[in-house]
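Colleague: The structure that follows is given in the form of structure tokens.
Laboratory data are not the source of any read-out in this text; all were calculated from the coordinates shown. In this text, all values refer to a predicted model and were calculated from it rather than measured experimentally. Don't worry about glycine lacking a Cβ; one is built from the backbone with ideal geometry, like all the others, and counts go over all protein chains shown.
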Amino acid sequence: MNTSSLVKTPAWQQLESHNDALKGTHLRALFDGDANRFQHFSLEAAGLFLDYSKNRIDRNSLRLLCELARERGVEMRRDAMFAGEKINSTEQRAVLHTALRAPRGARLILDAEEVGAQVHAVLDRIGQFVERVRSGEWQGYSGKTVTDVVNIGIGGSDLGPNMACQALRTFADPRMSVHFVSNVDGHDLDAVLSRLRPETTLFIIASKTFTTQETMMNAQSARAWFLAQGGNEAGLAKHFVAVSTNASAVSAFGIDTANMFPFWDWVGGRYSVWSAIGLPVALAVGFDAFQQFLAGAHAMDAHFLGAPLERNMPVILALIGLWNRDFLGCSSVSIAPYHQDLKHFPAYLQQLEMESNGKRVTRDGAPLGVATCPVIWGDVGTNGQHAYFQLLHQGTDLIPVDFIAALQPRHGLEGHHKALLANCFAQSQAFMRGKTEAEVRSELQAQGLSTERIDALVPHRVFPGNRPGNTILMQTLTPATLGALIALYEHKVFVQGVIWDVNSFDQWGVELGKVLAKNIHALLDGGADAAAGSSNALDSSTAGLIARARSAAT
Ligand code: F6P
């Protein structure tokens, strides 16, 4: 197999020499050399503002990175995605999450079907259902209204709606609580059920495939709990609805397909919050707000489609990420939302980025000669500052940070928001500037410390700085700005996938563990081990662990 042609492209080669030339220049010097650096390296789109000036780039870097994007066909592949071409080659599927947020009337034919009409027919059903539940017209088996919604799903059928419900909690109806159960660990479901009453609970069983072990097991247990706690078979229809692409499995589970909200195989799990998978969000915030969420994402789609690469926010975010990963060697990126309501955003991005671009071969199966998706992780500011920011400032790895903040809060508590923003801006400034030896010395001298003491302290108190970061701002966190933010990262991931030439829309890497878990489950249930020497024979570690679990269970 040939390795990827990426490193042989003219733009890549020029970027390598450019990197050598720029290496010795500190970010402080880049700021000192250009009074308008902030203006030159920032842009606005779809209600979001991106400041990417605190990255180790100059105008030449940006020019070459945009050239790379052109050479790799980003615009052509983007248009192919929006047009419904089957760009998910290993699964022979189109990738059309953008159609889920297109306004009514947008026309797109896929396999002789009018996609827009299908999307809006389901949206209309969601709108009606949400209205019935929120108004109290939809009642449980004892005539009571729904007070609790439990979404049972995992991965894309959990992370998106869970993150969005948290992000939009100040828009939610306080009379209804939405809970999320994802883990096959019974502690998850048990903790939620112990607080609920079946007669006022609505379960949403959310699974694209309707075969995912964790979701099916939790759904069965929820059903058993419902029946054991006073519910009856006839009442199931009022308390269980499904979101899936697999109508026959939904029926087989016992949910009437009249209570199923469908979506389609051209919606990837991690791109599905815009589909009926977003039902818990719509129930929490209402259908109008859900539509604003879709409209915010659509505004970002329009920007991504129309703006030149040099002024295209997802493209710029992608190129900066690629530069940091492949030229500066950053193997992880920390996401720091300075907004408590975005606390699930890093976990959401983990799936979006790492399941999409955590790949090691090209679309043609050739090994990639370059590093792909970095590890994505993080937590809300200011909490992270008091936990792991030490390593980000003075550790041995270079870890870029994406800061995300809203300029205005949705609470009225005096003073908090300015303190929050001050911390956010100060951290990105500290990462960029650092603190030089001369600065540390003069500070310690001013405190009257002896030369000996200063010499001992200096190495510990110097900050190298020169650490890259982006800052994304929005006016307020609303359904629309949240929609735009998610779409921004979706398209960022897409652009990086095109440049690396990986298939960002499959996830074969999750399969092996699922298959092995089935075998091990059978062994834990008392099944016989495979004969020594056979291809299924267990290694001593796995066999030893199983033996310990078996003996603990007896
Ligand atoms: O195992 C990974 C995965 O397939 C994800 O891609 C997906 O979001 C998740 O499982 C859940 O799948 P489903 O919605 O089919 O239950």
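Colleague: Of the residues that make up region 484-494, is at least one over 18 Å from the mean Cα position of the chain (by Cα) and either among the acidic types (Asp, Glu) or surrounded by 12 or more Cβ atoms within 10 Å (Cβ to Cβ) (or both)?
Modeller: Looking through region 484-494, none of the residues is over 18 Å from the mean Cα position of the chain (by Cα) and either among the acidic types (Asp, Glu) or surrounded by 12 or more Cβ atoms within 10 Å (Cβ to Cβ) (or both).
Colleague: Let me confirm something: among ALA69, ALA35, which residue is part of a helix (DSSP H, G or I) and either among the small types (Gly, Ala, Ser) or surrounded by 19 or more Cβ atoms within 10 Å (Cβ to Cβ) (or both)?
Modeller: From the options ALA69, ALA35, the qualifying one is ALA69.
Colleague: Identify, please: which residue in region 162-174 is in a helix (DSSP H, G or I) and either closer than 11 Å to VAL285 by Cβ or among the small types (Gly, Ala, Ser) (or both) and is, among those, farthest from the ligand (Cβ to nearest atom)?
Modeller: Within region 162-174, the match that is farthest from the ligand (Cβ to nearest atom) is THR170.
Colleague: Since SER248 meets every condition but one in (1) of a type outside the set (Val, Ile, Thr); (2) assigned to a loop (DSSP other than H, G, I, E, B); (3) surrounded by fewer than 17 Cβ atoms within 10 Å (Cβ to Cβ); (4) within 16 Å of the ligand (Cβ to nearest atom), which condition does it not meet?
Modeller: Looking at each condition in turn, SER248 falls short on (2).
Colleague: Among ARG175, ARG197, ARG134, ARG101, which is the only one that is over 20 Å from HIS239 (Cα atoms) and not polar (S, T, N, Q)?
Modeller: ARG101
Colleague: Quick check on region 340-364: of everything there that is in contact (Cβ under 8 Å) with a residue 60 or more places away in the chain, more than 16 Å from the ligand (Cβ to nearest atom) and under 24 Å from THR170 (Cα atoms), which residue is surrounded by the fewest Cβ atoms within 10 Å (Cβ to Cβ)?
Modeller: Checking each candidate, the answer is LYS343.
Colleague: Among the candidates TRP264, TRP274, which residue alone is of a type outside the set (S, T, N, Q), under 27 Å from GLU355 (Cα atoms), buried (at least 23 other Cβ atoms within 10 Å of the Cβ) and more than 12 Å from the ligand (Cβ to nearest atom)?
Modeller: Unique residue meeting the criteria: TRP274.
Colleague: Restricting to region 363-421, what's the tally of residues that are assigned to a loop (DSSP other than H, G, I, E, B), polar (S, T, N, Q) and more than 30 Å from LEU6 (Cα to Cα)?
Modeller: Residues meeting the conditions: 2.
Colleague: Hey, among GLN475, GLN507, which residue is closer than 30 Å to LYS8 by Cβ and either free of Cβ contacts under 8 Å to residues at least 40 places away in the same chain or out of contact with any Phe, Trp or Tyr (no Cβ under 8 Å at 6 or more places or on another chain) (or both)?
Modeller: Among GLN475, GLN507, only GLN507 is closer than 30 Å to LYS8 by Cβ and either free of Cβ contacts under 8 Å to residues at least 40 places away in the same chain or out of contact with any Phe, Trp or Tyr (no Cβ under 8 Å at 6 or more places or on another chain) (or both).
Colleague: Follow-up question, since we're still on this one. Please note which helices (runs of 4 or more DSSP H) are completely contained in region 470-554 and include at least 3 residues that are closer than 21 Å to GLN351 by Cβ.
Modeller: Where helices (runs of 4 or more DSSP H) fall fully within region 470-554 and carry at least 3 residues being closer than 21 Å to GLN351 by Cβ, they are 479-500, 511-524.
Colleague: Across region 195-219, what is the number of residues that are more than 17 Å from ALA284 (Cβ to Cβ), crowded, with 19+ Cβ neighbours inside 10 Å, in contact (Cβ under 8 Å) with a residue 60 or more places away in the chain and near the ligand (Cβ under 10 Å from one of its atoms)?
Modeller: 3
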